[in-house]
Structure formats: C-alpha cells, structure tokens
1. So, in the range 79-121, exactly how many residues are under 15 Å from W10 (Cα atoms), in contact with a helix residue (DSSP H, G or I) (Cβ under 8 Å, 6 or more places away or on another chain) and surrounded by fewer than 17 Cβ atoms within 10 Å (Cβ to Cβ)?
2. Is there any pair with a first residue in the range 127-152 that is free of Cβ contacts under 8 Å to residues at least 60 places away in the same chain and a second that is charged (D, E, K, R) and part of a helix (DSSP H, G or I) whose Cβ atoms are under 7 Å apart and which are 6 or more apart or on different chains, and what are they?
3. Quick one: which residue in Q71, Q89, Q23 is touching a Cys at 6+ places or on another chain (Cβ under 6 Å) and outside any helix (DSSP H, G or I)?
4. Name the residues in the range 1-49 that are under 13 Å from the mean Cα position of the chain (by Cα), farther than 23 Å from L146 by Cα and of a type in the set (A, V, I, L, M, F, W, C), would you?
5. Considering every residue within the range 42-64, establish whether at least one is surrounded by 13 or more Cβ atoms within 10 Å (Cβ to Cβ) and within 27 Å of R109 (Cβ to Cβ).
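FYI, it's all coordinate maths here, none of it is from the lab. On a predicted model such as this, the values are computed, not experimentally measured, just so you know. Cβ sites come from the backbone with ideal geometry, for glycine too, and all protein chains shown count toward neighbours.
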Amino acid sequence: MTWIKPSFLWMMYRCGWGAKVAQETVLAVEISRDGFEWALRHACLSSHLRGVHPDRAAWQRQLKRAPARVQWDLERDLRLRPLPYRSLQLGLSGEAVRRYADEWLVGIRDVTPLAQEIHALVGEGDLDSAARLLPQERAYPAGDELLAHLRG
C-alpha cells in the first residue's frame, strides 16, 4: 500500500518532521488531477461506517476489491497538535499503484530541507515565520459526487 497524504502538516506529524527512522527524506509528489480523481472514484473507506456501507461484510468485500482506500485523519497545526477537522489520506494498491507510477506522476521534489527549516522555526517559537514557509494548500474542489461514497 502506497499512501498519498495531501496535507504537509499531517505528513510532518506522520514522519516526525523527517526525523523518524526510515522516514528521513520527505518528498512532495505531484500527480495529475485525472489520476487523483480516478483513485477517489475507485476508493473505499478504510473502515466500516454504518450508513455508508450496508453491513460490515459488504464493506469488507468492497475494501478487498478496491484499488484505493480513504481514511480521514485529524489535521495538524504547526506544533502537530490535532485540529477539529480531518484531512483525506489516500491509500493505493494493485492497479492504482501501477497507474500512479506509470501514468499519474507529474513531478517529485525533495522537501526535506524545507521540513527541517520549518521545524527549527517551530522549535524556536517563531510560528509566524514557520507558517509563511508552509506550502500553499487549498481545499480540493471535488464535487459531492466524487466524495459522497467516502463520507459519513
């Protein structure tokens, strides 16, 4: 399973600002909109949610067949504390991984130095300077039909 984490701060939470063992390099991966939306259309929630799935068995069958899965995790602030809203995490397997590598990939940048610089500023208590360095992120303009099967 390969995970796409569209939120920079959630990724920093996950990799400990690039300091966790085997997570010392932080890459910004750019993929095509068509690819991202294909994955969303073919995704299943990573956990059973009453009201979205008829029952647990149906969810398990769907999850087994789905080439992508979605989980919603609490977004993080500059100190990596949870915020009161969630960000999408998109897991890819099987056909989705092949498409990701062969078709959707547009660019890859090493943002490890940026992560380290922001982390140093946070450590110094200079949150304003740290915030100015954060990558620009906007809510993804997905229509309800693209995410309806992925929300509770």
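1. Within the range 79-121, residues that are under 15 Å from W10 (Cα atoms), in contact with a helix residue (DSSP H, G or I) (Cβ under 8 Å, 6 or more places away or on another chain) and surrounded by fewer than 17 Cβ atoms within 10 Å (Cβ to Cβ) number 2.
2. L133/E117
3. On the way: Q71 fails: touching a Cys at 6+ places or on another chain (Cβ under 6 Å); Q89 fails: touching a Cys at 6+ places or on another chain (Cβ under 6 Å).
Just one listed residue meets the conditions, Q23.
4. L9, M11, M12, C15, L27, A28
5. Looking for residues that are surrounded by 13 or more Cβ atoms within 10 Å (Cβ to Cβ) and within 27 Å of R109 (Cβ to Cβ), one finds at least one in the range 42-64, hence yes.
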